[in-house]
Every structure is written in C-alpha cells, then in structure tokens.
Amino acid sequence: MKFLTIDTTTKVTALALSEDGSLVGESFLHIDKTHSERLVPMLDHLLSAAGWELSVLDFIGVIRGPGSFTGIRIGLATAQGLAQVLKIPLVGVLSLDALAWAACKRPEEVVVILDARKNEWYSASYRWNEAGQGPECFVPARAIQPQELLAELNAGRDPVWLVGDAVAKAEEAIRSFLGSKALIPPDFIRLPRGAYAVREVWRQWRQSGGAAAVTPFYIRRSEAEVNWVKKQEGLRNIP
C-alpha cells in the first residue's frame, strides 16, 4: 500500500511518502512562507525525487488537528481535493498522536505540547506500549494553560519527555518549573515530521481497516466563531 501524508497543523510543512508503513521519503520546511505557498511545490518535488506519480497512491493520510486553524483547513482541503480526484480514501489522525512517535520506545512519559496561542497549549500525554505497538494516550487532547500543565507535571516524581513546537518558546519556563525532570530533545526530533505522520497513519489504517475520520479537530472555537457567537448573543439582547 502506497500513501502520502500531509501535516500543516503548525508552522512546519511536513510531507511524506510511504509503502506499507515504511518511510520512502519526506519533505520538511520550517520557514515564514505560508503553507499555501509551499505545499504543492514541496509535493511535486517529493514525488519527483521518489519517482512516484500521484496515480500510484492507494490512500492519503492527513493530520486533522489540533493546531493552527488555517493550517488545518489547508491540509484537509489539499488532501480531500487529491483524494476526490484520485478516487482514493483518506485517513485522518491527530497531530498530538503523530508527534508522540518522536519518543519511540522511550521509557518516560511523553508529553506533546503545541502552541495554541492565547496563553494556552494543546497537549496530550502518552506512554510507550510495551508490546511495541506505539504510543498509548492516557491524557487525551486538551487546551490548557502552560502554568497549569507544568504544575501537574512537577507534582509527579518521574521525568517527562517533552516534544512539540511550544517547547522552544517555553524552554526557560519549562526548565525553571521542572528542573532535571524535563527531558527536551533537539528540534529535529521534537518538531512535526512526515516520518511520525507515516507511523500514526499506518497504525490507524491497519486498526480501522481503511479510511478514518477526516473532520477538523479544533478542540476550541476559532476567533471568528467566538466573535460570531458574541454577535448573535448581542442581537438577541436588542429589545
């Protein structure tokens, strides 16, 4: 089974090609250009380098959130458009679940933190399955204030492996709170990668026996939705 994975949920654009769950190639960019500017050129280059055509794909995997609202929509729209044209299924997985593969076979608790803005992180916690089946989530995806999460982690006795795009911005605070409990890998490990998406998409494909949910996973409302609700409430209060 040959498939493509797309992840545009953070500032990183991460694409990968896989055959039967093995990584064939990946493309990674962490620059200021928008996903809409770089996604298609990156995909063309990756396919050309691998000697693949879109027509050989059996399905497409896409990261459906949480993360940047705009990034989620760009990734999903691209994946859905390609799947419709190619008449192949889609598999949607969570950004936090994919990033947990950055701690492959680590014995520590794995905590994924993504920048959710508004002084919040998107976070989930995992432990590596002893049977070697991948990371198992034991604290589901949530939006949480950094101070609250760090206080929770500090209350525990064991060290934690921290990955995600929020780590670099908050590294000083993390080390101040957690001290030696904080295990922080370098950025080429802790940032989203196509290879991580490949592992999670392949796991979901095998477990579900085919296509899985591809609806956006936002956790909380977007700013536009919040403003719309406020506007509607204001209209209802007009005498």
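Once segment 148-179 is narrowed to residues that are of a type in the set (Val, Ile, Thr) and within 13 Å of SER125 (Cα to Cα), the residue that is surrounded by the most Cβ atoms within 10 Å (Cβ to Cβ) is VAL163.
With respect to GLU136, determine if the residue is in contact with a Ser or Thr (Cβ under 9 Å, 6 or more places away or on another chain), of a type in the set (Asp, Glu) and farther than 17 Å from ASP7 by Cα. No; evaluated as a whole, the condition is false for this residue. Does any residue of segment 39-50 turn out to be modelled with pLDDT of 95 or more and either touching a Phe, Trp or Tyr at 6+ places or on another chain (Cβ under 6 Å) or assigned to a loop (DSSP other than H, G, I, E, B) (or both)? Scanning segment 39-50 turns up no residue that is modelled with pLDDT of 95 or more and either touching a Phe, Trp or Tyr at 6+ places or on another chain (Cβ under 6 Å) or assigned to a loop (DSSP other than H, G, I, E, B) (or both).
Of MET42, MET1, all but one fail to be touching a helix residue (DSSP H, G or I) at 6+ places or on another chain (Cβ under 8 Å) and of a type outside the set (Val, Ile, Thr); the exception is MET1. From the list VAL91, VAL110, the one residue that fits, being assigned by TED's automatic domain parsing to the domain that holds GLU200, crowded, with 21+ Cβ neighbours inside 10 Å and outside any helix (DSSP H, G or I), is VAL91. Taken over segment 55-82, the criterion of being part of a helix (DSSP H, G or I) and touching a Phe, Trp or Tyr at 6+ places or on another chain (Cβ under 8 Å) is satisfied by PHE69, ILE72. Anything in segment 1-55 that is of a type in the set (Lys, Arg) and more than 18 Å from TRP205 (Cβ to Cβ)? List them, or say none. Across segment 1-55, the qualifying residues are LYS11, LYS33, ARG38. When the residues of segment 1-19 are filtered to those that are of a type in the set (D, E, K, R) and in contact with a strand residue (DSSP E or B) (Cβ under 8 Å, 6 or more places away or on another chain), the one that is surrounded by the most Cβ atoms within 10 Å (Cβ to Cβ) is ASP7. Is it true that some residue in segment 192-201 is more than 14 Å from LEU94 (Cα to Cα) and of a type outside the set (A, V, I, L, M)? Checked segment 192-201: no residue is more than 14 Å from LEU94 (Cα to Cα) and of a type outside the set (A, V, I, L, M). Is it fair to say ALA116 is of a type in the set (A, V, I, L, M, F, W, C), more than 11 Å from the chain's Cα centre (by Cα) and within 19 Å of LEU178 (Cβ to Cβ)? In short, no. When ARG38, ARG73 are checked against the criterion of being of a type in the set (Lys, Arg), over 27 Å from PRO140 (Cβ atoms) and either surrounded by fewer than 20 Cβ atoms within 10 Å (Cβ to Cβ) or without any contact (Cβ under 8 Å) to a residue 40 or more places away in the chain (or both), a single residue qualifies: ARG38. Here TYR196 does not qualify as under 20 Å from ALA98 (Cβ atoms), buried (at least 16 other Cβ atoms within 10 Å of the Cβ), in contact with a Gly (Cβ under 9 Å, 6 or more places away or on another chain) and aromatic (Phe, Trp, Tyr). Scanning segment 131-147 for residues that are over 30 Å from ARG203 (Cα atoms) and surrounded by fewer than 13 Cβ atoms within 10 Å (Cβ to Cβ) yields one hit, GLN147.
The values are calculated or read from the model by the stated rules, or taken from the named source; none is laboratory data. Remember, it's a predicted structure, so these values are computed and weren't measured experimentally. We place every Cβ from the backbone using ideal geometry, glycine too, and count neighbours over all the protein chains shown.
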